Amino acid sequence: MTCDGCSISLAKAFEIFQNDSETKSFLIKHGIRESLVKCNKCGADAYLTADEKWWRCRKRQTKTVNKKVIKSQCDFKQSVRTNTWLQGTKLQLEKSFLFASLYLICNPPHEEFLMEELNMSSGTVCDWSQYVREVLENWCLNESTHSLGGPGKIVEIDEPKFGKRKYNRGRIIDGQWIFGGFERDSKLIFLEKVDDQSASTLLEIINRRIKPGTTIMSHCWKSYDCLAMEGYKHLIVNHSMNFVDADTGAYTQNIERMWRDARGTIPKFGRRDYHMSGYIADFLFRRAHPSHITRMHAFANAVTEFHKDNWHNVQTFEYFFTLKKIMH
Ligand SMILES: [Zn+2]
Ligand SMILES: [Zn+2]
């Protein structure tokens, strides 16, 4: 039993995720929850306890060893959350998914709204927001392709800073540089966080993410001076003068529009460095699923992928994404 696609509006989310059996069938249908678990001792089908929190096996067995009859009984007990996205969490199953739906439907999700709507503390909302974003990060990794451009293709590049200066015991960063590229026509993008804007940092990414022969359009920035030598055609827009360069016709409005959208999703304050990738993933996920009613289905599939990919074994890594599919 699998789901080929379902629409979950806000009203539908409340209908499903405030009901035990509706939630259960949603989870099973999307492969999030096992419909059957085997006992790890005897291999028989485990049963669900009455409260549906545990898989259990209490099978009695008799074995004859050296003419002695040995009686034993299975004592298999495994949480229904084990090996799922919910492993190690305590929040009610239904509420976890109601949270995810509201988080994904709201654009951007406001902490106070989620706290009041779901009667959750600020800390719980922060934790769960991060759990949702971890799934989206994993989704991004799976949706990544290698590079953009090629001969005859135009890629706009830009590297704005997200966030504002904030002094706070050194823990909240005072902005994060993000480097991005936007391929015209296909609207494919890549985003990558960078620690500095040096020529070597940016060129390393350009070489990795943009194919030779591409026409690259950027604003005037000395780090890009050597692009022509790297096998690209480079057209510059001088922003202090014009939005469209009078001589070359170059413009970077597409990527600037993308940044404006991204700034709507990525908060300026209270963001910690290690959350940045999650916010980028969040932005890309919403961009790929512009209609809010399709997001919960996509998220549910991403949760299943998340289990398979064993996210929790992947501790930290630097990553980048170029989305394969952009719906708008
Ligand atoms: Zn579905
Ligand atoms: Zn057993």
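Laboratory data are not the source of any read-out in this text; all were calculated from the coordinates shown. Fair warning: this is a prediction, and the values are worked out from it, not measured in the lab. Glycine also receives a Cβ, built like all others from the backbone with ideal geometry; neighbour counts cover every protein chain displayed.
The table below gives the values:
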{"read-out": "Dipole-positive endmost among T62, L93, L104 within region 1-128 (Cβ charges, Cα centre)", "value": "T62"}
{"read-out": "Phi to ³J(HN,Hα) by Karplus 6.51 cos²θ - 1.76 cosθ + 1.60 over region 285-294, Hz, x for Gly, Pro", "value": "5, 5, 5, 6, 10, x, 8, 4, 6, 8"}
{"read-out": "Förster-model FRET efficiency, 25 Å R0, I28 and N142, C-beta, rounded to 0.05", "value": "0.70"}
{"read-out": "Distance between modelled label sites at Q78 and E230, nm, 7 Å Cα→Cβ extension", "value": "4.8 nm"}
{"read-out": "Exposure proxy ranking, count of Cβ atoms within 10 Å, fewest first, for I154, I70", "value": "I70, I154"}
{"read-out": "Pairwise label distance in nanometres, K67 with M115, each label 7 Å out on the Cα-Cβ vector", "value": "7.5 nm"}
{"read-out": "Relative exposure of E305, E159, judged by other C-beta atoms within 10 Å (fewest first)", "value": "E305, E159"}
{"read-out": "Cβ charges +1 (Lys, Arg) and -1 (Asp, Glu), total dipole of region 94-140, debye", "value": "100 debye"}
{"read-out": "Fewest-first ranking of L203, L36, L227, using other Cβ atoms within 10 Å as the exposure measure", "value": "L36, L203, L227"}
{"read-out": "Set of aspartates and glutamates with alpha-carbon distance to K90 below 12 Å, sequence-local pairs under 8 removed", "value": "D127"}
{"read-out": "FRET E, pair K38, T2, Förster distance 25 Å, beta-carbon r, rounded to 0.05", "value": "0.75"}
{"read-out": "DSSP bridge orientation in region 43-139 - percent antiparallel, rounded to nearest 5", "value": "100 percent"}
